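A quick write-up on the structure given underneath.
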Amino acid sequence: MAKKLKGYWALYLKKVLMEESDPRALDNDIIVERADAAAGQFEQSRHEGLTVEGAKEMAYKVLLDGLFDE
C-alpha cells in the first residue's frame, strides 16, 4: 500500500508544479522526497485514528509545506 500512496502523492505534486510552470516539476529528487513524507504522514495519521479525509489533509500539508513561499 505504501508504494501506491507514494505514487499518488508524487503524481499530485508533479501536476501542481507543472500547472505552476515550476521547474521543480522535473526534479525527481524533490518529488520523491516530498511524496515519501506525505505518504508517511498519511499512514501515521490513519494509525492515529484520523479519517481518510483527515489523513489526506495532513498529508497535503506535508507535501506542499513551504513549496511556494517566497
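Worth pointing out:
- Whenever a residue of the range 56-70 is under 13 Å from Gly40 (Cβ atoms), its partners that are open to solvent by 60 Å² or more (accessible area, probe 1.4 Å), lying with C-beta atoms within less than 8 angstrom and at least six residues away or across chains, give the pairs Leu63/Tyr12.
- Any chance Leu5 is under 10 Å from the mean Cα position of the chain (by Cα), part of a helix (DSSP H, G or I), at pLDDT below 95 and buried (at least 16 other Cβ atoms within 10 Å of the Cβ): yes
- Leu13 vs. criteria surrounded by 15 or more Cβ atoms within 10 Å (Cβ to Cβ) and not in a helix (DSSP H, G or I): no
- Subset tally (residues that are under 17 Å from Tyr8 (Cα atoms) and open to solvent by 30 Å² or more (accessible area, probe 1.4 Å)) for the range 18-57: 21
The values are calculated or read from the model by the stated rules, or taken from the named source; none is laboratory data. None of these values were measured; they are calculated from a predicted model. Glycine gets a Cβ as well: all are built from the backbone with ideal geometry, and neighbour counts include every protein chain shown. Heavy atoms of the whole protein, side chains included, go into the accessibility calculation; ligands, DNA and RNA do not. Shrake-Rupley method; radii C 1.70, N 1.55, O 1.52, S 1.80 Å.
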